[in-house]
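Step one of this worksheet: look at the structure below.
Please treat every number below as a calculation from the coordinates, not as lab data. Since the structure is predicted, the reported quantities are computational estimates derived from the model, not experimental observations. Using ideal geometry, Cβ is built from the backbone for each residue, glycine included, and neighbour counts are taken over all protein chains shown.
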Amino acid sequence: MPSPSSATTSAISSASPAPDDAARDFIRELIVEDLASKRFAGRVQTRFPPEPNGFLHIGHAKAICLDFAIAVEFGGRCLLRFDDTNPATESPEYVDAMVEDVRWLGFEPDEIRFASDYFGQLYAWAEHFIERGLAYVDDQHADAISAGRGGFGRAGTDSPHRDRTVEENLRLFREMAAGDHPEGSRVLRARIDMAHPNMQMRDPVMYRIRLAHHYRHGDRWCIYPTYDWAHGPSDAIEGVTHSLCTLEFRDNRALYDWFVEHLPQGEPGCAGDRPYQTEFARLELSHTVTSKRVLKRLVDAGHVDGWDDPRLPTLRALRRRGYPPAAIRDFCAFIGVARTNSRHAPELLESFVRTELNAVAPRRMAVLRPIRVVITNWPADDAGIPVVEYREAVNNPEDPSAGTRMVPFSGSLWIEQDDVRLEPPPKYFRLAPGREVRLRAGYFVRCTDVLTDADGSITEVRCTYDPHTADGRAPDGRKVKATIHWVSEAHAVPIGAALYERLFDAKLPGERTGDPLDDLHPSSQQLLHGVAEPAIADIGPGQVVQFERLGYFCAEEAGRDRSGPLVFHRTVGLRDEWANIAKRMQADDRAAAGTQPKANAPTQ
């Protein structure tokens, strides 16, 4: 048996519990029991089976992490299998993107497979089902088939074609495969039980006629298997032991078992213990949609700038925004594996992103809404040109090995608009007339004058600096209550900064009207034109940097249009919003339990 790849092992080693962890989830408990009973002869094999008709999103990340983690933890294998059974919506572009996204997330499949490669075997098994009286060709229209299935608590009605002879069914099925019948005129259905309490078991469709070009097999096939018919038998062909699915497939489990149990004995994939399906809760976030249909509407209508728009939940969008794959893996491990669906706050995911980036992201100073500061007592050389001094700044206080950099400082600087007020409100400690602050890696400066335009907007700030505060401290022991960042005007590098809000205003988009697009945030993206220190040139495409006091920003990826200044996408801010949300949740829990703390008591 091939051993798990080192890349996969490394990716999950810190994010997944060990198999003997006392707190392991119910899926891992099942696998431990299977190993103890020698089921599957001690093998563990999983698969991640996306349909290549779109791009992977954050919901898929949980399934990817679980499938690959299970395989590695138990010394097994995990395959990436494309369930490419619908020729109308699938393409190589999606296949390539999904392989890339899985690898970006930190996992290397033991094999890459395609359900379409099993079309010949699936067809042969379908004939086997017909020969055993387990399947029949139905001439009814799709609407009639749907109506005939009945409803919950109401039995369905048999198709008038349900009792065709084996010979007639074989002839018609072969004619369907040969392209002798028009699309939609006939289907192959499993012959199970039209009164079964599980609606999925009421003679489900196994094959439909699709006169469409398949991206891998061209026009070889005129009939295509349904997901349910391809799912279990494909698992059996590949030797999958544990078929892990999200909860929406719970009712399909009985059909999965029925198909697998009736495969012919003794053929490849049909010997030994049969695979079985287990369901777990999917990953869902508030203020987010992951429906491929809705995401496609957003892209097609121009509400977002493609499938990698940083406001989207697709993995390539999260990558472009600067989300580290390790943070996504840690988030998936933290929320765990449950049997009931729940919705998580995006701030929880962001807290993992922030924690990861805090440890690894280099620091740089950037000003996104610049206001000029002129230091009136800054020295000049004999020619009257302001002196340039280089200040030493720490690259990452969390990582001493990252070292320091030299930042140019002179008599004219840019600072943030928010860092100066003509009339400061209470508890505002930054620049204002007569107010003194510390400049990051610089000196103490005191505001002596503020210039405004006709509308009263600040246009320039005049300051003096204290040359005795080069080490960030005043010799006389005086203190300042604020430290602000800056960029030397003469050395400033123009940049663009894309700031993002939630794409949707509503916690559950579409809950109010039924259409998620009715809850779109009217201004979820803002592009600012700012400046940064020269060392911003050291930040490579796709690398995340912390703009001091502003947040984490990801440099635009390579290959993008660079006709203007380099654009940085805001990944997350510096403030941990999840901490506040968690406090409110704890307070709500206490209130519900009748143990809410007193008004002035701490909440944690």
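A few notes on this one:
- Packing-based ranking, highest mean first, of 67-73, 329-335, 468-474, 383-389 given that Cβ atoms within 10 Å are counted: 67-73, 329-335, 468-474, 383-389
- Here the calculated FRET efficiency for D139 and Q265, from their Cβ-Cβ distance with R0 = 35 Å, stands at 0.65, rounded to the nearest 0.05.
- Inter-site label distance for H161 and D505 at 7 Å from Cα along Cβ, in nm: 5.1 nm
- Extension gain for the segment E33 to S91, taken as residue separation times 0.36 nm less the Cα-Cα distance, is 16.9 nm to one decimal.
- Residues with amide H under 5 Å from that of F82, placed H, sequence gap 5 or more: R113, F114, A115
- Loop sites in region 477-538: GluC sites (Glu not before Pro), DSSP, at most 11 other Cβ within 10 Å: E511
- Computed on the chain, with alpha-carbon pairs under 8 angstrom and 6+ residues apart, the relative contact order is 11 percent.
- Count, lysine Cα pairs under 26 Å in the chain, 8 or more residues apart or across chains: 11
- Two-site label geometry, A124 and L527: point separation in nm, points 7 Å out along Cα→Cβ: 5.7 nm
- The phi torsions of region 433-450, fed into the Karplus equation with coefficients 6.51, -1.76 and 1.60 and a -60° offset, translate into couplings of x, x, 8, 10, 9, 9, 8, 3, 6, x, 10, 6, 10, 10, 6, 10, 6, 10 Hz, rounded to whole numbers, with Gly and Pro shown as x.
- Computed from label points 7 Å out along Cα-Cβ, the spacing between S146 and I458 is 6.2 nm.
- Region 202-345 - percent relative contact order, Cα under 8 Å, separation 6 or more: 20 percent
- Compared with the direct C-alpha span, the chain from V387 to E168 gains 69.3 nm at full extension, assuming 0.36 nm per residue.
- Cα-centre dipole for the chain with unit charges at Cβ (Lys and Arg positive, Asp and Glu negative), debye to 20: 1400 debye
- Taking amide hydrogens as placed 1.01 Å from N in the peptide plane, the amide H of R391 sits under 5 Å from those of V407, F409, each at least 5 positions away in sequence or on another chain.
- Centroid-to-centroid separation of region 109-140 and region 209-256 [C-alpha atoms, Å]: 9 Å
- Taking amide H atoms as placed 1.01 Å from N in the peptide plane, the amide H of F444 lies under 5 Å from those of L439, D466, T469, each 5 or more residues away in sequence or on another chain.
- Between the beta carbons of L211 and W104, assuming R0 = 41 Å, the FRET efficiency works out to 0.65 to the nearest 0.05.
- Spatial separation of Cα centroids for region 18-81 and region 391-407, in angstrom: 42 Å
- Note: relative contact order over region 356-471, using C-alpha pairs below 8 Å and six or more positions apart, is 26 percent.
- Peptide ranges 35-44, 182-191, 229-238 listed from the most packed, as the mean C-beta count within 10 angstrom indicates: 229-238, 182-191, 35-44
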